[in-house]
C-alpha cells in the first residue's frame, strides 16, 4: 500500500525555487573557488548578503524572476 504522502505531488513554489537557486549558487561558487580562482568566493558573499537583505526587506530579485516564469506563490514571497 502506498502512503498518501508519497502519492501527493509537490509543486515548485517561489520560496522553494529561491532556496534551490541560492543553494546552487553557493555550491557552484564554492566549486569554482576551489577549481578555478578564489575570486569566485565573492559570489558566495553576494548570495549570502542577498539572502540577508531579502529576509529583512522582503524584496528578492530572484523571486520576481521565478514569479514571471510561472512559479506559484509560496509563504514568504507573494
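Read-outs throughout are calculated quantities, based only on the coordinates presented, and are distinct from any laboratory measurement. Nothing here was measured: the structure is a model prediction, and the numbers come from that model. Please note: Cβ atoms are built from the backbone with ideal geometry, for glycine as well, and neighbour counts cover all protein chains shown.
Listing for the model above:
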quantity: Flag if residue 21 is within 14 Å of the chain's Cα centre (by Cα) and part of a helix (DSSP H, G or I); calculated: yes
quantity: The range 37-78, residues that are surrounded by 11 or more Cβ atoms within 10 Å (Cβ to Cβ), farther than 11 Å from residue 18 by Cβ and in contact (Cβ under 8 Å) with a residue 40 or more places away in the chain; calculated: 72, 73
